[in-house]
Amino acid sequence: SQELEQSPQSLIVQEGKNLTINCTSSKTLYGLYWYKQKYGEGLIFLMMLQKGGEEKSHEKITAKLDEKKQQSSLHITASQPSHAGIYLCGAAYSGSARQLTFGSGTQLTVLP
Amino acid sequence: DTGVSQNPRHKITKRGQNVTFRCDPISEHNRLYWYRQTLGQGPEFLTYFQNEAQLEKSRLLSDRFSAERPKGSFSTLEIQRTEQGDSAMYLCASSRRDSEQFFGPGTRLTVL
């Protein structure tokens, strides 16, 4: 979707390295959701951010929401092969989070 | 919590045939969503139910597509007179009101 831009499109890192994926919206965000997808499978929910400046962490994954920039970042510390997959950000633009608009995803490869 | 389930997982059909997919949401979730995902893209919203009522439909949902959710439990998505452009992964998700959406494994449709 042009409303939601993800970068980079693909990322190859060595195991143990840190990495960041960005998601930028052209419209005001009501909420921002991060998902992970293995090829050919469904989406796995990671985190939901709703307030400007909000930051959430789960294991080695941290996500932040910058309300001024309408941007979210997903940071993985000390990457592992298990982190490999497609990371998708999804935006809610209405006051009631019904349909999500997704970015085109970031393909992450972690080399052992 | 058994998660969202979808059947079948794969469907191969010939152009012009009708197909039907089924989604069983997480039992206490009153919202159910259908998305379509093509290769290299994020999911695109198709339609949304709150209980048995279909409340939103995307422009992507042409007259050949119909979705139902009788009794507010499972949902079916039917595509009539399939076209090669209908080939995609069809994803179902469910949620509580204004909460994160949990996705099923998807149904991959191939139209020959």
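The values are calculated or read from the model by the stated rules, or taken from the named source; none is laboratory data. Since the model is a prediction, treat every value here as computed from it, not as a measurement. When we count neighbours, we look across all protein chains shown, and the Cβ atoms used for this are built from the backbone with ideal geometry, even at glycine. Side chains included, ligands, DNA and RNA excluded: accessible areas come from the protein's heavy atoms. Shrake-Rupley method; radii C 1.70, N 1.55, O 1.52, S 1.80 Å.
Check whether at least one residue in region B:69-84 is part of a strand (DSSP E or B), among the β-branched types (Val, Ile, Thr), within 11 Å of the chain's Cα centre (by Cα) and more than 11 Å from every other protein chain (Cβ to nearest Cβ), and report yes or no.
yes
Filter region B:10-47 down to the residues that are closer than 30 Å to residue A:8 by Cα, of a type outside the set (A, V, I, L, M, F, W, C) and either open to solvent by 20 Å² or more (accessible area, probe 1.4 Å) or in contact with an Asp or Glu (Cβ under 8 Å, 6 or more places away or on another chain) (or both) and list them by number.
Result: B:35, B:36, B:37, B:38, B:40, B:41, B:44, B:47.
If you take the residues in region A:10-54 that are surrounded by fewer than 16 Cβ atoms within 10 Å (Cβ to Cβ) and aliphatic (A, V, I, L, M), which one is farthest from the chain's Cα centre (by Cα)?
A:12
Regarding residue A:88, is this residue under 19 Å from residue A:106 (Cα atoms) and either assigned to a loop (DSSP other than H, G, I, E, B) or without any contact (Cβ under 8 Å) to a residue 40 or more places away in the chain (or both)?
When the stated conditions are applied, residue A:88 does not pass them.
Looking at residue B:28, is it away from chain A (no Cβ under 14 Å), within 16 Å of residue B:5 (Cα to Cα) and in contact (Cβ under 8 Å) with a residue 60 or more places away in the chain?
Criteria met by residue B:28.
Given the structure, is residue B:63 surrounded by 19 or more Cβ atoms within 10 Å (Cβ to Cβ) and acidic (Asp, Glu)?
no
What do you reckon, is residue A:94 away from chain B (no Cβ under 14 Å) and either open to solvent by 30 Å² or more (accessible area, probe 1.4 Å) or in a strand (DSSP E or B) (or both)?
Considered against the rule, which asks whether it is away from chain B (no Cβ under 14 Å) and either open to solvent by 30 Å² or more (accessible area, probe 1.4 Å) or in a strand (DSSP E or B) (or both), residue A:94 comes out as no.
Only residues in region B:37-61 that are facing another protein chain (nearest Cβ under 10 Å) count as the first member; pair them with residues that are in a loop (DSSP other than H, G, I, E, B) and among the hydrophobic types (A, V, I, L, M, F, W, C), Cβ under 7 angstrom, at least 6 apart or cross-chain, and list the lot.
Close Cβ pairs satisfying both conditions: B:44/B:60; B:45/A:100; B:46/B:60; B:46/B:61; B:47/B:61.
Is it the case that some residue within region B:88-111 is open to solvent by less than 60 Å² (accessible area, probe 1.4 Å), away from every other protein chain (no Cβ under 14 Å) and over 16 Å from residue B:45 (Cβ atoms)?
Yes, because at least one residue in region B:88-111 is open to solvent by less than 60 Å² (accessible area, probe 1.4 Å), away from every other protein chain (no Cβ under 14 Å) and over 16 Å from residue B:45 (Cβ atoms).
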